[in-house]
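Colleague: Below you'll find the structure I mean.
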Amino acid sequence: MTKVDKNNIPQHIAIIMDGNGRWAARQGKERSYGHQAGVETVRRITADCTRLGVKFLTLYTFSTENWNRPEPEVAALMGLVLTSLETEIFMRNNVRFRVIGDIKRLPEMVQQKLQETMDHTAQNTAMTMVVALSYSSRWEITKAARDIANKVKDGTLSPDDIDEETLSRHMDTNFMPDPDLLIRTGGELRISNYLLWQIAYSELYFTDTYWPDFSRRDLLEAIADYQGRQRRFGKTEAQVEQGDTAATQETNKE
């Protein structure tokens, strides 16, 4: 089993859960079968991330573009959302549930179930699991720009005061830090309109493994890969190393 440094676990992992349909097709099954198997992976990975000490896990579940899929598949996915939101899995792992996206487009029963789950798990503290439903970055950024423009229009915000922090505060994700690590399963090498603002300096990890087959070992391999990288945030390697040395010396003084 891959070993990871428990003192360097990414605090926020975002995942594009891709490959459910292709996984099902390989077994001669309908796409809905793959989505059902994917839910089981969500449960396993949520528990694994909690045990590892991850604080935020954000899962790309259904994009705004996915509304263009065949109606039977969309209906099946909505039904799966309803049946998969079992509060017991959240309570057992002390996980808080949140959702981001254009929730008003979802069926009313789904909206109610989402709100019930958020309310029921609001006091959990081990980790926050965030589901991106009816979500896309272009939708989110457009909405943020519109909200800011309305504040400028009514005089509560000056254009001169608009900066990166202003945009971040108006994003759906304003309650959590940006992802440290973005994982995409299924072999595709693209971001698919997911957290474009937030992943400016995230580490990206792509795997050919389809989401239903994504295991604890796969998760640990992604984290180990992340831990082997140097996050520079625009600085040089020497600057980062100098900063690390200074931080270590300050800790030793204490």
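The values are calculated or read from the model by the stated rules, or taken from the named source; none is laboratory data. All figures in this text were calculated on a predicted structure; none of them were measured in a lab. Positions of Cβ are backbone-derived with ideal geometry, glycine not excepted, and every protein chain shown enters the neighbour counts. Keep in mind that these areas ignore ligands, DNA and RNA; they rest on the heavy atoms of the full protein, side chains included. Shrake-Rupley method; radii C 1.70, N 1.55, O 1.52, S 1.80 Å.
Colleague: Would you say residue 225 is charged (D, E, K, R) and either part of a loop (DSSP other than H, G, I, E, B) or within 15 Å of residue 19 (Cα to Cα) (or both)?
Modeller: Judged against the criteria, residue 225 is not a match.
Colleague: Anything in region 203-222 that is out of contact with any Ser or Thr (no Cβ under 7 Å at 6 or more places or on another chain), assigned to a loop (DSSP other than H, G, I, E, B) and over 22 Å from residue 51 (Cα atoms)? List them, or say none.
Modeller: 208
Colleague: Next question, about the same structure. Checking the condition modelled with pLDDT under 95, closer than 17 Å to residue 133 by Cα and of a type in the set (Val, Ile, Thr), which residue from 58, 83, 87, 2 passes?
Modeller: The match here is 83.
Colleague: Given the condition open to solvent by 60 Å² or more (accessible area, probe 1.4 Å), at pLDDT 95 or above and of a type in the set (S, T, N, Q), answer yes or no: does some residue in region 126-146 qualify?
Modeller: Yes, there is a match, as at least one residue in region 126-146 is open to solvent by 60 Å² or more (accessible area, probe 1.4 Å), at pLDDT 95 or above and of a type in the set (S, T, N, Q).
Colleague: Is there any pair with a first residue in region 62-77 that is open to solvent by 80 Å² or more (accessible area, probe 1.4 Å) and a second that is not basic (Lys, Arg) whose Cβ atoms are under 9 Å apart and which are 6 or more apart or on different chains, and what are they?
Modeller: Once the first residue is open to solvent by 80 Å² or more (accessible area, probe 1.4 Å) and sits in region 62-77, its partners that are not basic (Lys, Arg) give 65/136; 65/192; 65/193; 68/74; 69/77; 72/32.
Colleague: Determine, yes or no, whether residue 19 is within 25 Å of residue 206 (Cα to Cα) and touching a Ser or Thr at 6+ places or on another chain (Cβ under 7 Å).
Modeller: Considered against the rule, which asks whether it is within 25 Å of residue 206 (Cα to Cα) and touching a Ser or Thr at 6+ places or on another chain (Cβ under 7 Å), residue 19 comes out as yes.
Colleague: If I ask for residues that are more than 17 Å from residue 198 (Cβ to Cβ) and open to solvent by less than 100 Å² (accessible area, probe 1.4 Å), which ones from region 157-166 would you list?
Modeller: Within region 157-166, 157, 158, 159, 161, 162 qualify.
Colleague: Given 169, 231, which one is open to solvent by 60 Å² or more (accessible area, probe 1.4 Å), out of contact with any helix residue (DSSP H, G or I) (no Cβ under 7 Å at 6 or more places or on another chain) and either among the charged types (D, E, K, R) or over 27 Å from residue 102 (Cβ atoms) (or both)?
Modeller: 169
Colleague: Going through region 120-147 one residue at a time, which ones are of a type in the set (Gly, Ala, Ser) and not in a strand (DSSP E or B)?
Modeller: Answer for region 120-147, where residues must be of a type in the set (Gly, Ala, Ser) and not in a strand (DSSP E or B): 122, 126, 136, 137, 144, 145.
Colleague: Further question: Determine, yes or no, whether residue 209 is open to solvent by 20 Å² or more (accessible area, probe 1.4 Å), at pLDDT 95 or above and of a type in the set (S, T, N, Q).
Modeller: Yes, satisfied.
Colleague: Which of the residues that make up region 182-197 are open to solvent by 50 Å² or more (accessible area, probe 1.4 Å) and touching a residue at least 40 places away in the same chain (Cβ under 8 Å)?
Modeller: 188, 196, 197
Colleague: Of the conditions (1) more than 24 Å from residue 65 (Cβ to Cβ); (2) open to solvent by 10 Å² or more (accessible area, probe 1.4 Å); (3) not aliphatic (A, V, I, L, M), residue 117 satisfies every one except a single condition; which number is it?
Modeller: With respect to (1) more than 24 Å from residue 65 (Cβ to Cβ); (2) open to solvent by 10 Å² or more (accessible area, probe 1.4 Å); (3) not aliphatic (A, V, I, L, M), residue 117 is out only on (2).
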